[in-house]
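**Student:** The structure under discussion is supplied below as structure tokens; questions concerning it will follow.
Coordinate-derived values only; no laboratory data. Given the structure is predicted, the values throughout are model-derived calculations rather than measurements. Here the Cβ positions follow ideal geometry from the backbone for every residue, glycine too, while neighbour counts run over all protein chains shown.
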Amino acid sequence: MNFVLTLFFTFIFVVLIFLVFIRVGTPVYRLDKQNLVTLLTLVVEGRATENDWQVFLGMPIRHNEQLEEVRRRCDELSEHEYIGGTGYLLTDNGIKEVSKLLADLIGEKE
């Protein structure tokens, strides 16, 4: 009898946990234009972290094709101009290109 009760309560516990996970959902990384402007500004100023940059490059932006194109261009830049370390993450040429992307984003906002 103890075995059946233990099995029953375990089953109920697992179902409850499953329902909580379904209800809470999965976290979503949703980058908007202002977040991207902030990140690119930090990159140009040499204050962005490697983690910020790598997360941005590694997560596709499916909800906005314009922002996804900026991400792809930054990813291409990173392949050729990335130096990492502390301070500036990109070479001078990479920083200039990111500045152009940033100017384009800010210009479209106005």
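**Student:** Consider all pairwise Cα distances in segment 33-109 and report the whole-number % of them above 17 Å. Could the numbers behind the result be given before it?
**Tutor:** Details: 1040 of 2926 pairs.
The proportion of pairs with Cα distances above 17 Å equals 36 percent.
**Student:** Can you work out the Karplus-derived ³J(HN,Hα) for every residue in segment 7-16? Use 6.51 cos²θ - 1.76 cosθ + 1.60 with θ = phi - 60°, whole Hz, and x for glycine or proline.
**Tutor:** In residue order, the calculated couplings are 4, 4, 5, 5, 4, 4, 4, 5, 5, 4 Hz.
**Student:** Compute the signed sum of charges (Lys and Arg +1, Asp and Glu -1) over the other residues within less than 13 Å, Cβ to Cβ, of Gly46. Write out the running numbers ahead of the final one.
**Tutor:** Working: positive: Arg47; negative: Glu45, Glu50, Asp52, Asp92.
Around Gly46, the charge tally is -3.
**Student:** What's the local net charge at Thr91, with K and R +1, D and E -1, over the other residues with C-beta under 13 Å away? If you can, show how the numbers build up before the last one.
**Tutor:** Values: positive: Lys96; negative: Glu79, Glu81, Asp92, Glu97.
Summing Lys/Arg as +1 and Asp/Glu as -1 gives -3.
**Student:** A further question follows. With labels modelled as points extended 7 Å from the Cα through the Cβ direction, what inter-label distance (nm, one decimal) is found for Ile22 paired with Asn51?
**Tutor:** 3.4 nm
**Student:** Let me ask another. Positive end of the charge dipole of segment 1-65 (Lys, Arg +1 and Asp, Glu -1 on Cβ, about the Cα centre): tell me which of Phe13, Leu40, Val24 has its Cα farthest that way.
**Tutor:** Sorting the options by dipole projection puts first Phe13.
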